[in-house]
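First comes the structure, then the notes that go with it.
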Amino acid sequence: MQNWQSLLSAPFSRAQPPRIGQATPIGELRQRHLAITAQFIPAPDDVSCEAVQLGPLKGEWVRPAGAAAQRLLLYFHGGGYLAGSAASHRPLVARLCRAAEAAAFSLDYRLAPEFPFPAGLRDAVDAYRLLMTNGYPPESIVLAGDGSGGGLAVATLMAIRNGGMPMPAGLVALSPWADLTLSGWSMMLNAENDAALSWDLLFVSARHYLKGGNPADPYASPVFGSMRDFPPIMIHAGSMEILRDDAGRLGELAAAANVPVSVEVYDGMPHLFQAVKTSADAKVSLSRLGHFIRARTPEKTAQPDLKSAPAT
């Protein structure tokens, strides 16, 4: 016979998702991450999307009506480095492209645990190199990403700089996950406010991604690196998310390196509110991100055909 404590706690227990730990299957971790994208509002009707292969890399070509030729986003999706794809993040990428009047190559980089760090970073750098090889000048390219993809965008920029490659025109990041040590205060302060992400989900995801590697490696956690010689950066986040402080710390790092940077934290907004809410804040955020991208990238007269891009 159940006692009164168990009767009271039973409905609450059923409403709570199982705790995440070392034994949590990868499939369940991926479902937790993809639950975020399930809340995305549909992509705009005036944006076309098609699968594309750029050399050995796969992804999706996103083109809004009226996009400027050669104004290009190289986009890295979120998903904790374990989940997500160009297709899962299509609504968010499409809205950003429309606001920026730009096309995007949304990269399907390799995911952990099958392909741990630094496989995804290598794919990101290779994508940038191949875009330039196929006719896109660096001054027409802006790196962009959300969540783990936002952190990957910053790490990619570090790798581009350290490799002596030409720098892109800029970088935009939405709610970037840039500290795999999870040391930001907002991890604790917003633990009860963030319905999308949790400390344990990110901790276990980081362990699978790093496979025993150092979580403070700047190529994994860019907050521990240097932004010397970076192009201008814009970062947006919501005040209610546990990744809020990652955005602020990236801003401080950029300012310390004398890099033009704008960090905007939207009051009362959740993780990736730009794609989950049709609010005034979402519209303002996308408008400002779009203006930043347009201001950084000149219009061109010719557009390469990535569908016929050769493998190199």
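Each reported figure results from applying straightforward, stated rules to the coordinates on display, with no laboratory input. A quick note: this is a predicted structure, and the numbers were derived from the prediction, not measured. Cβ atoms come from the backbone with ideal geometry, glycine included; neighbour counts cover every protein chain shown.
Here the Karplus relation 6.51 cos²θ - 1.76 cosθ + 1.60, evaluated at θ = phi - 60°, turns the backbone of the stretch 45-55 into coupling constants of 5, 8, 10, 9, 9, 8, 5, 8, 10, 9, x Hz, with x for every Gly and Pro. Close amide H contacts of Glu264 (hydrogens built in the peptide plane, cut-off under 5 Å, sequence separation of 5 or more or a different chain): Ile235, His236, Ala237. Note on the chain: with a GNM built from Cα contacts shorter than 10 Å, the maximum mean-square fluctuation among Ile233, Ile242, Ile20 falls on Ile20. Take the Cβ atoms of Ala38 and Thr133, set R0 to 30 Å, and the FRET efficiency comes out at 0.25.
Would you mind putting 74-86, 55-67 in packing order, based on average other-beta-carbon counts within 10 Å, highest first? Provide the component values of the computation, followed by the final result.
On the way: 74-86: 26.0, 55-67: 18.0.
Descending packing order for the listed peptides: 74-86, 55-67.
The calculated FRET efficiency for the pair Asp267 and Asn162, based on their C-beta separation and a Förster distance of 45 Å, comes to about 0.80. The calculated 222 nm mean residue ellipticity attributable to helices in the chain amounts to -11500 deg cm²/dmol, summing -39500 (n - 2.57) over DSSP H runs of n ≥ 4 and dividing by all residues. Between the alpha-carbon centres of the stretch 248-278 and the stretch 192-237 there is a gap of 14 Å. Between Asn258 and Trp199, the FRET efficiency estimated from the beta carbon spacing at R0 = 30 angstrom works out to 0.35.
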